[in-house]
Amino acid sequence: MQFCKLFMLHFQENVSLKAYNTFGIDVKTSYFIEINSETMLFELLSDEIYLSHAYMFIGGGSNLLFTKDFDGLVIKNNLKGITIDEQDDESILLNSQSGEVWHELVLKSISLGYGGLENLSLIPGTVGAAPMQNIGAYGVELKDVFHSLKAVNLKTKEIETFNLEQCRFGYRESIFKKEAKGQYFILSVTLRLLKHPKINASYGAILTTLDEMGFRDLTIQNVSKAIIKIRSTKLPDPKQIGNAGSFFKNPEIDEDQYQTLKSEYPQMPSYLLENANYKIPAAWLIEQCGWKGKRIGNCGSHQDQALVLVNYGNANGSEVYSLAMDIQKSVKEKFNILIQPEVNIY
Ligand SMILES: Cc1cc2nc3c(=O)[nH]c(=O)nc-3n(C[C@H](O)[C@H](O)[C@H](O)COP(=O)(O)OP(=O)(O)OC[C@H]3O[C@@H](n4cnc5c(N)ncnc54)[C@H](O)[C@@H]3O)c2cc1C
């Protein structure tokens, strides 16, 4: 244990990250610290241990696959605080520190009666990681409610503001996962939520689930409850079986490739995109290659969700990675489509 002179920075050494990633992979990091305030963060950015080691920021660890021990410093984000910054007759600007738990922010906004986040209920992780891959579910993405964020430029230590355009959000993408990867720590996120919510219940099984639950009113509360129910039944709970949600992104193919594949596989599901390309569910491709429910050693593709790779208990990260690469290879061979991981691999 080492202590800095100005501020009590509490570094732990040789720490297992098993409890800090939802895959439950037992790797070790040389140094580990939790940051609880901006002051502590800036203190850390000048500390010798930070300056002389590789570092990685983590939130809830729900979109990570550790393939080996980390020879550096893992910084767990614990910055808390939610405020309403501005409001008019139509909307509010809700600001959240990045270490808040995403689902708790969703529940808070719903309890206050503000609409926009209900379809994003029960997505694991922190608020600060949400812009990283423009989280999305049930027909809504973060970008649909996003106003701006503040991030520390880790080179200059200046705080910069990013608006919607500057974040360059795409499907499970943003500037922070691409061009600016590793260059910023997201401090806080501001969302524009509606005082008179517009309900989006057309996606998936929301309406039938509302019906089954006996909910007649289309309210943000009821939509959130229905989505929580669907997700709890459909997705494996990381507390029961290690996973990081969808391992791969749904690939996009052009019209020519779509027509070729469709003639060979008439049952292939697809969504026509605005750019005239087609999105193909990665789960279907993986299932067609015979991976669904298949277990290889300590890991496998989930029996109900082919896209979710799971740790049956003692898998190491390289085992999961190797499984993912085998899946990727077989999909490429069968369909000539390269599916890309959604999960961040370290
Ligand atoms: C069961 C399950 C279901 C899921 N369902 C969905 C879903 O429906 N939709 C969806 O989009 N995702 C889904 N995910 C993925 C995951 O919940 C999201 O990607 C989430 O935003 C990750 O948050 P986190 O705090 O756990 O991030 P981490 O896993 O801790 O980090 C992810 C990446 O972001 C970086 N990072 C984290 N915080 C910051 C920060 N403050 N500043 C800069 N970089 C940062 C990390 O370095 C890492 O590269 C699911 C995951 C699981 C386990």
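The values are calculated or read from the model by the stated rules, or taken from the named source; none is laboratory data. It should be emphasised that the depicted structure is a prediction, and the values quoted were computed from it without experimental measurement. Note that each Cβ is placed from the backbone with ideal geometry, even for glycine, and that neighbours are counted across all protein chains shown. The area values use the complete protein model at the heavy-atom level, side chains included, leaving out ligands, DNA and RNA. Shrake-Rupley method; radii C 1.70, N 1.55, O 1.52, S 1.80 Å.
The table below lists the values:
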| read-out | value |
| --- | --- |
| Looking only at region 152-183, and only at residues there that are under 18 Å from the mean Cα position of the chain (by Cα) and of a type in the set (Phe, Trp, Tyr), the one that is nearest to Ile35 (Cα to Cα) | Phe176 |
| Any hit, region 67-85, residues being open to solvent by 30 Å² or more (accessible area, probe 1.4 Å), outside any helix (DSSP H, G or I) and under 27 Å from Asn250 (Cα atoms) | yes |
| Candidates Phe70, Phe57, filtered to the one that is over 19 Å from the mean Cα position of the chain (by Cα) and within 16 Å of the ligand (Cβ to nearest atom) | Phe70 |
| Qualifying residues in region 49-66 (those that are touching a residue at least 40 places away in the same chain (Cβ under 8 Å) and outside any strand (DSSP E or B)) - the one surrounded by the most Cβ atoms within 10 Å (Cβ to Cβ) | Phe66 |
| Unique residue being free of Cβ contacts under 8 Å to residues at least 40 places away in the same chain and hydroxyl-bearing (Ser, Thr, Tyr) when the list is Thr208, Thr190 | Thr208 |
| Residue, surrounded by the most Cβ atoms within 10 Å (Cβ to Cβ), within region 235-266, restricted to residues that are in a helix (DSSP H, G or I) and touching a residue at least 40 places away in the same chain (Cβ under 8 Å) | Leu261 |
